[in-house]
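Have a look at the structure below before the remarks.
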Amino acid sequence: MKKVCVNILTKVNYCSSLWLVLPARYVFPYNKAMKLLLADDHGLFRDSMAVWLKQLGEHVDIVFAGSFDSVCKALDNHDFDLLMLDLGMPGMQGALSIRKLHAMADTTPLIVVSADENSLTIQSCLDAGAAGYVTKSSEGETILKAARSVLEGGRYIPPSLHAQLSEQPGFTDKQMQLLALLAEGRSNRDIADEMHLAEGTVKQYVTRMLRQLDVDNRMQAGLKARKILGITDA
């Protein structure tokens, strides 16, 4: 047995010093060196989560970032085995940024770590390419479980949300783009120019989207689109 001292923020609003007694194979299941990108603009939560992630292996190198721009810079300068990203960092535009970072990271798996527990937001992040989603109210063991699942080629979704997510319709790339433009309050003409479509076609798409979102007007659609994409005003 291996005894590990962990000074950890186990939940967003709860901090304690814990002695964890874990089997050595549980603490260090991966023998190869690995490099992780851990991006969150809240230093205490980020540092606490790093303590848990260090338990993934004997040689875990963690690079920190605190904004969308710093994540992009890190991706340009390093090759990572896993990305763990906060959805609400400065410069992030919710699932839209997840889609961009997923494209930049190529085959590197990405896990979203967020305080947003809305099933629509989680589904949109998964549709954007995230391999997992962990809520910030989760225990430290959950973060480890999610990281292991994704590193082994799987997916991780909070068990409590499985039923809700199975009922959520996914969005295509074109629908995600339309949601983003509605979230910005763009007109049909602007959307047509941006998506290279005829204005009449855009009008039909918007009408269908309003019906899919179960809203009555574009203002409501824009607000719901922001919620679905996980876009905050911060």
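Yes/no matrix, rows are residues, columns are (1) farther than 22 Å from Phe80 by Cα; (2) at pLDDT below 90:
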position: Ser137; (1), (2): yes, yes
position: Leu151; (1), (2): no, no
position: Ser160; (1), (2): yes, yes
position: Gln164; (1), (2): yes, yes
position: Asp173; (1), (2): yes, yes
position: Leu179; (1), (2): yes, yes
position: Ala183; (1), (2): yes, yes
position: Asp190; (1), (2): yes, no
position: Gln204; (1), (2): yes, no
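Looking at the range 171-178, is at least one residue acidic (Asp, Glu), loosely packed, with under 13 Cβ neighbours inside 10 Å and touching a helix residue (DSSP H, G or I) at 6+ places or on another chain (Cβ under 9 Å)? Yes, because at least one residue in the range 171-178 is acidic (Asp, Glu), loosely packed, with under 13 Cβ neighbours inside 10 Å and touching a helix residue (DSSP H, G or I) at 6+ places or on another chain (Cβ under 9 Å). Examine the range 27-43 for a residue that is in a helix (DSSP H, G or I), farther than 27 Å from Leu75 by Cβ and modelled with pLDDT under 50, and state whether such a residue exists. Among the residues of the range 27-43, at least one is in a helix (DSSP H, G or I), farther than 27 Å from Leu75 by Cβ and modelled with pLDDT under 50, which makes the answer yes. The residue that is surrounded by the fewest Cβ atoms within 10 Å (Cβ to Cβ), among those in the range 71-105 that are closer than 18 Å to Ala147 by Cα and of a type in the set (D, E, K, R), is Asp79.
Only one entry in Leu85, Leu53 is among the aliphatic types (A, V, I, L, M) and part of a helix (DSSP H, G or I), namely Leu53. Pairs needed: first member in the range 78-89, in contact (Cβ under 8 Å) with a residue 40 or more places away in the chain; second member anywhere, of a type in the set (S, T, N, Q) and assigned to a strand (DSSP E or B); C-beta distance under 8 Å; at least 6 residues apart or different chains. That search, which allows pairs on different chains as well, returns Asp86/Ser114; Leu87/Ser114; Gly88/Ser114.
The values are calculated or read from the model by the stated rules, or taken from the named source; none is laboratory data. These numbers were taken from a predicted model, which means no experiment stands behind them. Note: ideal-geometry Cβ built from the backbone for every residue, glycine included; neighbour counts use all protein chains shown.
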